[in-house]
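To start, the structure under review is shown below, and the notes come after it.
What follows draws every value from the coordinates through simple rules; no lab data is involved. Note that the coordinates shown come from a computational prediction; the quantities given were computed from them, not determined experimentally. FYI the Cβ positions are ideal-geometry reconstructions off the backbone, even for glycines, and counts take in every protein chain you see.
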């Protein structure tokens with residue numbers, strides 16, 4: 001059994017001895033309406049689909065062919081994309097190209113919440129008669145339901161003849177056997193280059209697949225990528241659905257700025273260990289005081305300190321251990337490795353034979369527990 005002086009010696013010696021990227025250049029923003037009468041902002045035949053559906057009173061997607069079953073990532077997705085397997089997932093852990101791990105918790109953004117009850121909304125007016133309406137929720141379905149089916153992101157077209165909508169993606173259903181229906185998440189270089197507002201310089205993109213049919217010939221489905229941009233200067237209520245971008249294919253990207261889009265380290269840093277240590281000490285002394293008070297019937301605050309004699313000896317033990325450590329390091333520097341055993345012999349017992357010399361660890365000896373007199377057993381309860 002190692003005595004306490006040896007323990008403090010070892011502790012003192014331990015102190016004495018010494019990006020994943022995504023090319024978004026192919027995305028064209030539709031925040032700029034351009035020609036008011038031009039619906040080419042939507043790729044392919046999308047404008048005809050929506051406009052025709054609005055004029056005809058709505059689009060029926062229930063008879064459309066199902067999605068493909070391959071596990072291809074959305075067009076333009078960076079390497080290192082991770083798959084979402086659980087529904088309504090709001091927390092993500094992911095590492096960048098340099099091995100730094102980030103933890104995201106976007107659950108405070110899920111509507112309804114303390115900042116709002118309605119969906120996050122982005123309206124884009126194209127001329128006097130055409131309006132695109134984009135709705136989304138974060139890790140939850142929108143409050144405004146499209147086609148009587150839940151989804152986290154929708155796109156609506158509103159013209160004088162009427163309004164129609166389509167689903168851009170669906171939340172992940174872990175029981176769904178079709179791999180292509182599961183979403184992905186990834187890190188990309190931040191759109192916010194102000195390091196004071198986004199020190200990590202990383203953004204999280206959450207992509208939901210399994211939207212409405214996009215290309216009947218290829219049987220591909222729509223997807224939506226929610227690009228979360230960290231801005232810790234924003235108040236919680238100031239989170240903003242800032243922009244909508246479209247690819248030439250079937251993916252729509254939502255740009256969303258929020259302080260809740262900022263990551264924290266997923267690994268336990270010094271602050272975490274410090275907090276755990278403080279909590280441990282509070283529990284140690286609190287539970288110890290209860291035991292001494294109600295089990296051993298101790299009276300007075302000074303008698304409710306668990307292992308009181310030990311803690312009284314801590315200052316002298318720490319001083320002795322550090323002095324010994326400094327002497328050991330000094331001797332090692334002067335005489336080499338061979339001097340370590342000789343200097344340290346006193347700490348572990350100096351005698352031969354039974355080893356019961358001045359370094360004895362006999363628990364019956366008061367010196368085995370420090371320089372004080374022997375303490376009552378109840379003090380070490």
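Observations
- 332, 92 arranged by Cβ crowding within 10 Å, fewest neighbours leading: 332, 92
- Residue exposure sequence - 83, 264, 252, 220 - by fewest surrounding Cβ within 10 Å: 264, 83, 220, 252
- Between residue 175 and residue 293, the contour length at 0.36 nm per residue exceeds the alpha carbon distance by 37.0 nm.
- With both labels modelled 7 Å from their Cα along Cα-to-Cβ, the residue 333 to residue 125 distance reads 7.7 nm.
- Prolate/oblate/rounded call for the range 113-247, Cα gyration tensor, a/c under 1.5 rounded: oblate
- Shape of the range 92-163, Cα gyration tensor, a/c cut at 1.5: prolate
- Ranked for footprinting exposure by Cβ neighbours inside 10 Å, fewest first, 293, 166, 222 give 293, 166, 222.
- The range 204-230 and the range 112-174: distance between their alpha carbon centers, rounded to Å: 14
- The range 312-327 and the range 280-305: distance between their alpha carbon centers, rounded to Å: 27
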